[in-house]
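Bear in mind that the values in this text are calculations on the coordinates, not laboratory data. These figures come from a predicted structure and were not determined experimentally. Quick reminder, even Gly has a Cβ in these numbers, built from the backbone with ideal geometry, and neighbours come from all protein chains shown.
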Amino acid sequence: MAQPSLKIDHILYLLTMDRERRIVRDAAVIVENGRISRVGKAAELASVRADRVIDGRAMVVTPGFFNGHMHISYGHPVRGIFPDEQASPLVHVFNLQSAMTEDEEYHATLLGLIELLKSGTTCFLDPGSTKFPDACLQAYQDAGIRVILGECVTDQESPWALPRYPAAEAVARTDSFIAKWHGKLEGRIHAWAMPFSYETCSTGLLQALKRVAEQHGTGLTLHHTTGQKARQESVMRYGHTPTAYLQSIGVVGPSVLLAHCLGLDEGEVDCIARTGTAVAMCPVTAAKSGRGVPEHGRMPELLARGVKIALGCDSPNNCNHLDIVRAMNMAAIQYKDARQDLRQVPAEAALEMATIHGAHAMGQGDELGSIETGKKADLVCFDTQRPEWQAIWNPVNNLVYNADGRSVHTVVVDGRVVVDDYRQMFADESRLFAKVQEIGEQLQARTGISFARSKWPMS
Ligand SMILES: [Zn+2]
């Protein structure tokens, strides 16, 4: 009989995120052929041998994290260039993105993957910003991460440099993109339809893209932000609020993931909940870009209605970091402040969004998102031998409120160790950092988009 490939033994706290949300002390997890074969107390599994045994005595182990909205392509080389008061950086963002070459995007992506994996994200959705997926395939393969990819399409005018095609071409491109990419890398790559937003796509295009996603058995994501002004315009144009409009044209349901979702009114929350539509919210972007979470944030109402919410980090120039643990922290604290109510978005809800609920929102909840027998083995081991983890009484509170992704010690995807004792094995970090810095210089010179490097004298 073949030996199990991996055992994590004597785990200090195992946060299973299973149906009962069991937390097991002195636990063990056995991984065979990329899947979790047994989960239990270390004593019950003491006789099970493995090719490799990881000592979990100082570790808190969670499922791999999901990031439901993460523009990976352009941001790293120009991260942090915008001064805080830059009114609307989006026009620059899309100009920088559209100016990237294949080689530049590959290196920026590789850096993004390192940051994601080393802070525990094992699956992320890039909302159509990658222009050269062929060039980036090697990076996805080397990193061993899960990715949901798609081609961003629009067929209407927009203030930004977005890819725009006649509707039929946008549909054909999406169809062939999904056919080519879905299921690649032993199933770690999923491909979805990715219209940019309802404002930049015609009704016919949105409906056709939903059909394409259905035909391939995959999903569709788009940016979705409403609010009073957007509602007024939408009612004038379509006779419905933005969310009711999407429902009226059939672009809702469990295979649809609406990103950001700020400014929803009660009817829109109800529409999302009734139709089982999924949501990706980016709490740090909402706060950092002054989007008025007290007025526009509806995460507590969506959670109360059982909507499956994934957390997102958006981009390296919106949220700036790619650390989903910090996004959990922001989700758990910002609504307490916004509502002046400590019951809002408990730490447990934040962890659910980053794991099992995020997995469901991203169409992978049956295979991932919890540590249970039979599920794919995506695991994160946090090192608690660090000051910020001490003292440990309630490991969920410790994770969400005191730790961050920098205490991630080991990461497993599909049963393979991809971060080992804080190190990744697929890229030379110091060479890559220098390369990305150089790309940033070239990109700014080429586009003419650059800002003072400091408000203070720099010599
Ligand atoms: Zn976005």
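Here are some notes:
- The three principal axes of the Cα atoms in region 236-312 give end-to-end lengths of 33, 28, 18 Å, sorted in falling order.
- Global size of region 314-354: 11.0, 31 Å for Rg and Dmax (C-alpha atoms, Rg to one decimal, Dmax whole).
- Long-range Cα-Cα pairs in region 33-99 (distance over 19 Å), rounded percent: 61
- Expected-Rg normalisation [2.2 N^0.38 Å, Cα atoms] applied to region 183-239: 1.42
- Cα pair count fraction exceeding 36 Å, expressed as % - the chain: 26
- Label sites at Arg423 and Arg274, each approximated as a point 7 angstrom past Cα along Cα to Cβ, lie 5.7 nm apart.
- Taken one residue at a time, the phi angles of region 201-213 give Karplus couplings (6.51, -1.76, 1.60, θ = phi - 60°) of 10, 6, 4, x, 5, 4, 5, 5, 5, 4, 5, 4, 4 Hz. Gly and Pro are set to x.
- Of all DSSP bridge pairs formed entirely within the chain, close to 45 percent run antiparallel.
- Spatial separation of Cα centroids for region 46-60 and region 8-40, in angstrom: 11
- Here the Kirkwood formula puts the hydrodynamic radius of region 2-151 at 17.9 Å, using every distinct Cα pair.
- Calculated on C-alpha atoms, the gyration radius of region 255-377 divided by its Kirkwood radius gives an Rg/Rh of 0.96.
- Here the peptides 230-237, 94-101, 320-327 are ranked by packing, the mean other Cβ count within 10 Å, and the order with the highest first is 320-327, 94-101, 230-237.
- P(r) histogram, all alpha-carbon pairs of region 301-459 included - 5 Å bins from 0, percent: 2, 7, 11, 16, 18, 15, 11, 10, 7, 3, 1, 0
- Between helix 167-181 and the chain: long-axis angle, C-alpha atoms, 0 to 90°, nearest 10: 10
- Degrees between helix 133-143 axis and first principal axis of the chain (Cα, 0 to 90, nearest 10): 20
- Rounded to 10°, Cα long-axis angle of helix 102-118 versus longest principal axis of the chain: 40
- Normalised by 2.2 N^0.38 Å, with N the number of residues, the alpha-carbon radius of gyration of region 55-138 equals 1.30.
- For region 181-331, the Stokes-Einstein estimate of translational diffusion at 20 °C and a viscosity of 1.002 mPa s comes to 134 µm²/s, using the Kirkwood hydrodynamic radius over alpha-carbon pairs.
- Taken one residue at a time, the phi angles of region 225-239 give Karplus couplings (6.51, -1.76, 1.60, θ = phi - 60°) of 10, 10, x, 4, 5, 4, 5, 4, 5, 5, 5, 4, 7, 10, x Hz. Gly and Pro are set to x.
- For the chain, the 222 nm mean residue ellipticity estimated from helices alone, with every DSSP H stretch of n ≥ 4 adding -39500 (n - 2.57) and the total spread over all residues, rounds to -10500 deg cm²/dmol.
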